[in-house]
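Asks: Pasting a structure below so you can have a look.
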Amino acid sequence: MQNSEVFILAIESSCDDTAAAVLQNDKVLSNVVANQLIHSQYGGVVPELASRAHQQNIVPVIDAALRKANISKEQLSAIAFTQGPGLMGSLLVGSSFAKSMALALAIPLVSVNHMHAHILAHFINEEGFEKPSFPFLALTISGGHTQIVKVKDFFDMTIIGETTDDAVGEAFDKSAKILGLPYPGGPLVDKHAQLGNPKAFAFTKPKVPGLNFSFSGLKTAILYFVQKKKLENPNFIEENINDICASIQYTIVEILMDKLKLALKETGINQVAIGGGVSANSGIRKAIKEAEQKYGWKTFVPKFEYTTDNAAMIGIVGYQKFLSKQFETAAVVSKARIQF
């Protein structure tokens, strides 16, 4: 079956992006994403508005993915969709469409764990990008998750470290909000950080035992720091925005790298793959590459479009599950929280 042509239609609707992709075996033929701009005016994702936007976007996005891939729906071998974790209303739009379409075409239905997909995105056949070999460690960093995962095989993964409170993406976005930057603020912190001095201001790193993370204390420290400085100088943020962002980013990157170094030391594994939306951050990518040179790690960073929420990563998991015949019935349910 590995050598035959398998066409997977993948659907991702876990948060505020409606995405569809078509894969031929492990190669991406199309990867279409419809962003929802409406949330920016609220400073964060509004679940009800997100699910309504998914309903509007899902048919045009899937149609565009099929047309861009230049295949008909009758050629599809299976349909993969995000089962969870995510916003329940958003997940239901994707799963309902996937179930209906699979039933209508009489083809298999494959459910995918969104977090597995961020990790297995590294196995998309993309020119110029090397795939990790098993076992490896995955650092998955996004708006909702921060995890270090030991990956022994496609479906043999164990979380060995995770956040005890907030995710790293939330730490970036909340810091941006404190500084008056618009949502989503994480990329803006990165942009300003590239122009600033990372040692300008010192923030204390939280002391969390083992391989777990914590970011809530850092967010509070940043808030109090900014409030204190603004009392001394009302123009403090405007005058120091680049240095503040650089210092925040430096601290967050240091927290991540400290835990990653410890994980590699404890497991004896020297391969690390990063994924999730925050892996697009320039500071994190630079630190990972520098560590590769310094410690002799083998590091893997996916193509930018496969780091943020997208359907291609759902498709590659769908393909691997198709090969091992891990199919679902229409009774499968979406889950806002799903066992890893």
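Asks: Of all residues in the range 261-278, count the ones that are in contact with a Phe, Trp or Tyr (Cβ under 9 Å, 6 or more places away or on another chain) and either assigned to a helix (DSSP H, G or I) or basic (Lys, Arg) (or both). Break it down stepwise before answering.
Replies: Of all residues in the range 261-278, those in contact with a Phe, Trp or Tyr (Cβ under 9 Å, 6 or more places away or on another chain) come to 261, 264, 269-275, 278.
Those left that are additionally either assigned to a helix (DSSP H, G or I) or basic (Lys, Arg) (or both): 261, 264, 278.
Residues meeting the conditions: 3.
Asks: Here's a follow-up. Cβ contacts < 7 Å: first residue more than 17 Å from residue 284 (Cβ to Cβ), restricted to the range 185-208; second residue in a loop (DSSP other than H, G, I, E, B), any location; separation 6+ or different chain. Result?
Replies: Pairs found: 206/214; 208/164; 208/214.
Asks: Looking at (1) of a type outside the set (S, T, N, Q); (2) open to solvent by 40 Å² or more (accessible area, probe 1.4 Å); (3) assigned to a loop (DSSP other than H, G, I, E, B); (4) out of contact with any Lys or Arg (no Cβ under 7 Å at 6 or more places or on another chain), which one does residue 196 not meet, given that it meets all the others?
Replies: (2)
Asks: Here is a follow-up. Any residue in the range 232-244 that is over 13 Å from residue 197 (Cβ atoms) sitting within a Cβ distance under 8 Å of a residue that is open to solvent by 100 Å² or more (accessible area, probe 1.4 Å)? List the pairs, counting only those 6 or more apart or interchain.
Replies: Filtered contacts from the range 232-244: 233/239.
Asks: Also, quick follow-up: I'm told residue 120 meets every condition in (1) in contact with a strand residue (DSSP E or B) (Cβ under 8 Å, 6 or more places away or on another chain); (2) in a helix (DSSP H, G or I); (3) among the aliphatic types (A, V, I, L, M) except one. Can you identify the failing condition by its number?
Replies: Tallying (1) in contact with a strand residue (DSSP E or B) (Cβ under 8 Å, 6 or more places away or on another chain); (2) in a helix (DSSP H, G or I); (3) among the aliphatic types (A, V, I, L, M), residue 120 fails exactly one: (1).
Asks: Please state which of the following conditions residue 53 fails to meet, knowing it meets all the rest: (1) farther than 19 Å from residue 321 by Cα; (2) hydrophobic (A, V, I, L, M, F, W, C); (3) modelled with pLDDT of 95 or more; (4) crowded, with 19+ Cβ neighbours inside 10 Å.
Replies: That leaves (3) as the condition not met.
Asks: Is one or more of the residues making up the range 200-211 within 25 Å of residue 84 (Cα to Cα), more than 18 Å from the chain's Cα centre (by Cα) and open to solvent by less than 50 Å² (accessible area, probe 1.4 Å)? Before the answer, list the steps.
Replies: First pass over the range 200-211, keeping only residues within 25 Å of residue 84 (Cα to Cα): 211.
Then keep just the ones that are more than 18 Å from the chain's Cα centre (by Cα); that gives 211.
Now narrow it down to the ones that are open to solvent by less than 50 Å² (accessible area, probe 1.4 Å): 211.
Yes; the residues of the range 200-211 include at least one that is within 25 Å of residue 84 (Cα to Cα), more than 18 Å from the chain's Cα centre (by Cα) and open to solvent by less than 50 Å² (accessible area, probe 1.4 Å).
Asks: Being among the polar types (S, T, N, Q) and open to solvent by 40 Å² or more (accessible area, probe 1.4 Å) is the filter here; which residues of the range 103-130 pass it? Quick ask: steps written out before the conclusion?
Replies: Kept after step one, since they are among the polar types (S, T, N, Q), are these residues of the range 103-130: 111, 113, 125.
The one that is among the polar types (S, T, N, Q) and open to solvent by 40 Å² or more (accessible area, probe 1.4 Å): 125.
Asks: What's the number of the condition residue 157 fails, among (1) part of a loop (DSSP other than H, G, I, E, B); (2) touching a His at 6+ places or on another chain (Cβ under 8 Å)?
Replies: (1)
Asks: With the checklist (1) open to solvent by 20 Å² or more (accessible area, probe 1.4 Å); (2) out of contact with any Pro (no Cβ under 7 Å at 6 or more places or on another chain) in hand, flag the one item residue 271 doesn't pass.
Replies: Unmet for residue 271, out of (1) open to solvent by 20 Å² or more (accessible area, probe 1.4 Å); (2) out of contact with any Pro (no Cβ under 7 Å at 6 or more places or on another chain): (2).
Asks: A follow-up question, please. Looking at 159, 141, 178, 148, which one is of a type outside the set (Lys, Arg), closer than 19 Å to residue 224 by Cβ and either more than 13 Å from the chain's Cα centre (by Cα) or open to solvent by less than 10 Å² (accessible area, probe 1.4 Å) (or both)?
Replies: Values: 159 fails: closer than 19 Å to residue 224 by Cβ; 141 fails: closer than 19 Å to residue 224 by Cβ; 148 fails: closer than 19 Å to residue 224 by Cβ.
Of the residues listed, the single one that is of a type outside the set (Lys, Arg), closer than 19 Å to residue 224 by Cβ and either more than 13 Å from the chain's Cα centre (by Cα) or open to solvent by less than 10 Å² (accessible area, probe 1.4 Å) (or both) is 178.
Asks: Going by the structure shown, is residue 185 touching an Asp or Glu at 6+ places or on another chain (Cβ under 8 Å), farther than 20 Å from residue 143 by Cα and buried (at least 19 other Cβ atoms within 10 Å of the Cβ)?
Replies: On the way: touching an Asp or Glu at 6+ places or on another chain (Cβ under 8 Å): yes; farther than 20 Å from residue 143 by Cα: no; buried (at least 19 other Cβ atoms within 10 Å of the Cβ): yes.
For residue 185, the condition - touching an Asp or Glu at 6+ places or on another chain (Cβ under 8 Å), farther than 20 Å from residue 143 by Cα and buried (at least 19 other Cβ atoms within 10 Å of the Cβ) - is not met.
Residues checked against (1) modelled with pLDDT under 95; (2) open to solvent by 10 Å² or more (accessible area, probe 1.4 Å); (3) hydroxyl-bearing (Ser, Thr, Tyr):
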| residue | (1), (2), (3) |
| --- | --- |
| 254 | no, yes, no |
| 262 | no, yes, no |
| 267 | no, yes, yes |
| 276 | yes, no, no |
| 295 | yes, yes, yes |
| 304 | yes, yes, no |
| 318 | no, no, no |
| 324 | no, yes, yes |
| 327 | no, yes, no |
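The values are calculated or read from the model by the stated rules, or taken from the named source; none is laboratory data. Remember, it's a predicted structure, so these values are computed and weren't measured experimentally. When we count neighbours, we look across all protein chains shown, and the Cβ atoms used for this are built from the backbone with ideal geometry, even at glycine. The area values use the complete protein model at the heavy-atom level, side chains included, leaving out ligands, DNA and RNA. Shrake-Rupley method; radii C 1.70, N 1.55, O 1.52, S 1.80 Å.
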